[in-house]
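The values are calculated or read from the model by the stated rules, or taken from the named source; none is laboratory data. Keep in mind that this is a model prediction, so the values were computed, not measured. Backbone-built Cβ (ideal geometry, glycine too); neighbour counts: all protein chains shown. Note: accessible area is taken over every heavy atom of the protein model, side chains too, but ligands, DNA and RNA are not part of it. Shrake-Rupley method; radii C 1.70, N 1.55, O 1.52, S 1.80 Å.
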Amino acid sequence: ISSYISSLFPIRFAIFPSYSVGWMLSEESFMKNLKFIDMLKIRGSWGKIGDDNVGGRWLYADQWAYQNSNTYMGSTSATKTPYSYYRISSLGNNNISWETVEKRNLGIDYSFLNGLVSGSVDIFNDDRTDILVSGGSRAIPSYFGVTPPTANIGRVKSKGYEFEIKLNYTFNNKMHVWLNTNLTHAENEVIFRDDPELTQAHRKAQGYAIGQTKTYIDN
């Protein structure tokens, strides 16, 4: 019964909460004596986001193809059929859903010496789950007979950091100069991609970065 209901009413709604908190450290009484600090803030956030614009609109439904007359009924048939018919070109997945990412971020905002030096520091960590893997990329043998359905089975983790430094100074003659610099480093790893078990390690996506170039080294 549950599978029948899900086929009639695919999952279309969900709640994706997010939270954030900040502490303006420079406003505390024990920081007032540090005159060179204009602003110092510590912040953190956590949240989930869903993405449904990743692989087509009708992934939950079977796709049908029309075959007119005088076409072969099978790849090994020596005769043609006089009839027109429909066939399933790809299977739908009643349980298909959106991709989800759980995001964590820890940051610091700062400003020193009357705005002469300012900027921010951020450290982030993302965990992407339910990534859509198309039927042609799944570990399903070719004798399955039809294109397998797309499924929410992939997972990727990513992490990194970002530094931003701004220099801002105004001379006595009102000439104003500034310099903005930033440094970003991010890396990711495929946790699961439905790679066939007997595939050589250098040909698998799991355990490597997305799109990483790799090859086999013969010893």
- Task: Could you tell me whether any residue of the stretch 173-187 is in contact (Cβ under 8 Å) with a residue 24 or more places away in the chain, among the hydrophobic types (A, V, I, L, M, F, W, C) and under 30 Å from Val117 (Cα atoms)?
- Result: yes
- Item | Complete set of residues in the stretch 130-165 that are under 18 Å from Gly207 (Cβ atoms), modelled with pLDDT of 95 or more and open to solvent by less than 60 Å² (accessible area, probe 1.4 Å) | Val156, Ser158
- Look at the stretch 139-172 and say how many of its residues are touching a residue at least 40 places away in the same chain (Cβ under 8 Å) and either of a type in the set (Gly, Ala, Ser) or outside any strand (DSSP E or B) (or both). 7
- Is it true that Thr170 is touching a Leu at 6+ places or on another chain (Cβ under 9 Å) and open to solvent by 60 Å² or more (accessible area, probe 1.4 Å)? no
- Query: Does the stretch 42-65 contain at least one residue that is β-branched (Val, Ile, Thr), farther than 20 Å from Ser90 by Cα and open to solvent by less than 40 Å² (accessible area, probe 1.4 Å)?
  - Reply: no
- Item | Members of the stretch 165-203 found to be out of contact with any strand residue (DSSP E or B) (no Cβ under 6 Å at 6 or more places or on another chain) and of a type outside the set (D, E, K, R), listed by number | Phe171, Asn172, Asn173, Met175, Pro196, Leu198, Thr199, Gln200, Ala201, His202
- Query: Residues of the stretch 174-216 being under 25 Å from Gly135 (Cβ atoms), open to solvent by 100 Å² or more (accessible area, probe 1.4 Å) and part of a loop (DSSP other than H, G, I, E, B), which ones?
  - Reply: Glu197, Leu198, Ile210
- Query: Taking the stretch 152-189 as the region of interest, how many residues are among the hydroxyl-bearing types (Ser, Thr, Tyr) and farther than 20 Å from Gly44 by Cα?
  - Reply: 3
- Task: Considering each residue of the stretch 117-135, count those that are farther than 18 Å from Gly107 by Cβ, assigned to a strand (DSSP E or B) and of a type outside the set (Asp, Glu), and give that number.
- Result: 5
